[in-house]
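Since the structure comes first, as structure tokens, the remarks are kept for the end.
The values are calculated or read from the model by the stated rules, or taken from the named source; none is laboratory data. Since this is a predicted model, take the numbers as computed values, not measurements. So basically every Cβ, Gly included, is an ideal-geometry build from the backbone, and we count neighbours across all protein chains shown. These accessible areas exclude ligands, DNA and RNA; they are computed on the full protein's heavy atoms, side chains included. Shrake-Rupley method; radii C 1.70, N 1.55, O 1.52, S 1.80 Å.
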Amino acid sequence: MHTAFFVLLGASLARYLARHGPEPRTPWIIALSVLLAALYVLGPVLGARLTARRMIWLGAVVAAWAALVALAPSFAWCAVPLFYTGLRTLPPRAAVTLVAVLTALVVAAQLRLAGWPDPNVLLAPPAVAAITTAVFVTMERQSARRRALIDDLVRTRRVLAATERREGMLAERERLAREIHDTVAQGLSSQRMLLQAADRVWETDPAAARAHVRTAASVAERNLAEARRFVHDLAPADLAGGAGLRQALAALAERESDAGLAVRLHTEGTPTAPLPALVESAVLRIAQGALANVREHAAATTATLTLTCLDDQIVLDVADDGRGFDPRTPAPQGSGRGHGLPAIRARLRRLGGTLTIESAPGEGTVLSAAIPLSATPPPEPR
């Protein structure tokens, strides 16, 4: 629109000079054309906001243009860009009034050129003004809808980002709860049981009490290593330093074995490719959680870990000869227990695995966790 204004202004001045040549009013017309061009250039400098300076500027532009039209009616068509200038600057009613005044001046100037009441001269300028106003109003409405849509999208994006952050925090809390349950909480539970056992035989069997205390100290040392590793990168200490899953399970079985519970490890098959770190960590944590449940709830004397490596999945079976239970019966509310199995299920669910529990009162328990190896496991949330 700015380019159109200067093209029309230059064309009108060239038309006047070509048709009329030097006249007494020619210097005035040239001076007014230069003044109008200079005033128009100041518009973008003043900004689009309706201020007193911008109102004065618009009045000066309209006055310079009206003086030019009075001297040379051929400058009348510069009014079309001025329509948009008025519509952009003024409120709607004031802008329509300005457009009507400019249109009347254009009609009067064109009638002077025609010399008689030409119907085209009477109808064309109002039609152009009406089309210009309608186009501008439509564009403004579309722009307003587009701005509203953009604002809605920005708000929606912010809400979505906040929701994703909140879900990430909840997932991280759940993961940390599983990690703490499988490391610190289990170690503290074992220490408590050992110290309670030592307390019971402290007077009657000092040797057994000292053995329990030494075992508790060993568990505490191991738990401290787990806690330090947990703080460092949340990876199982048994898998640190490049130790494989078999070695980690063997170390776990040896550590969990004592006079009251014998833990054995069996392995079947060899994986065709190195197991993903997340799978190894999940299998080890599941074994730790399952043995913690055996020690705390089953009153078993023997537990067996069986690691089976197939082409498409890895399976960990944990069997004990304890008191058993009904898997369909949930843990009592408020007991402070019952987090072990949900944590195991959550780990398997994240890796696309399945959990099967076979047990009955008085018949022991077999826990079977299967993890597929066909897809790369998703990373834990950080």
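All of Pro81, Pro44, Pro27 fail the test of being under 55 Å from the mean Cα position of the chain (by Cα) and exposed (fewer than 14 other Cβ atoms within 10 Å of the Cβ), apart from Pro44. Take the residues of region 336-354 that are open to solvent by 50 Å² or more (accessible area, probe 1.4 Å) and on the phi < 0 side of the Ramachandran plot: which is modelled with the highest pLDDT? Of everything passing the filter in region 336-354, Thr354 is modelled with the highest pLDDT. Considering only region 21-40, state which residues are closer than 19 Å to Ala66 by Cβ and not in a helix (DSSP H, G or I). Passing the criteria: only Arg25.
Within region 117-160, the set of residues being over 19 Å from Val96 (Cα atoms) and surrounded by 12 or more Cβ atoms within 10 Å (Cβ to Cβ) comprises Asp118, Val121. Given the structure, is Asp205 more than 30 Å from Glu296 (Cβ to Cβ) and open to solvent by less than 100 Å² (accessible area, probe 1.4 Å)? When the stated conditions are applied, Asp205 does not pass them. Being part of a loop (DSSP other than H, G, I, E, B) and either open to solvent by less than 40 Å² (accessible area, probe 1.4 Å) or at positive phi (or both) is the filter here; which residues of region 355-376 pass it? Within region 355-376, Ala360, Gly362, Gly364 qualify. Under 6 Å between Cβ atoms, which residue pairs at least 6 apart in sequence (or on different chains) link something in region 23-38 that is in contact (Cβ under 8 Å) with a residue 24 or more places away in the chain and of a type outside the set (A, V, I, L, M, F, W, C) with a partner that is part of a helix (DSSP H, G or I) and open to solvent by 30 Å² or more (accessible area, probe 1.4 Å)? Between residues of region 23-38 that are in contact (Cβ under 8 Å) with a residue 24 or more places away in the chain and of a type outside the set (A, V, I, L, M, F, W, C) and residues that are part of a helix (DSSP H, G or I) and open to solvent by 30 Å² or more (accessible area, probe 1.4 Å), the close pairs are Arg25/Leu71; Ser33/Leu13.
Within region 237-272, restricting attention to residues that are at pLDDT below 75 and farther than 13 Å from Val184 by Cβ, the residue that is surrounded by the most Cβ atoms within 10 Å (Cβ to Cβ) is Asp238. Summed over region 189-202, residues that are under 44 Å from the mean Cα position of the chain (by Cα) and either basic (Lys, Arg) or loosely packed, with under 13 Cβ neighbours inside 10 Å (or both) total 1. Only one entry of Ala94, Ala67, Ala18 meets the criterion of being within 30 Å of Ser143 (Cα to Cα), in a helix (DSSP H, G or I) and of a type in the set (Gly, Ala, Ser), and that entry is Ala94. If you go through region 171-188 and keep only what is polar (S, T, N, Q) and open to solvent by 20 Å² or more (accessible area, probe 1.4 Å), you end up with just Gln186. Residues in region 108-139 that are in contact with a helix residue (DSSP H, G or I) (Cβ under 8 Å, 6 or more places away or on another chain), over 17 Å from Val80 (Cα atoms) and either modelled with pLDDT of 85 or more or part of a helix (DSSP H, G or I) (or both): Leu111, Arg112, Leu113, Ala114.
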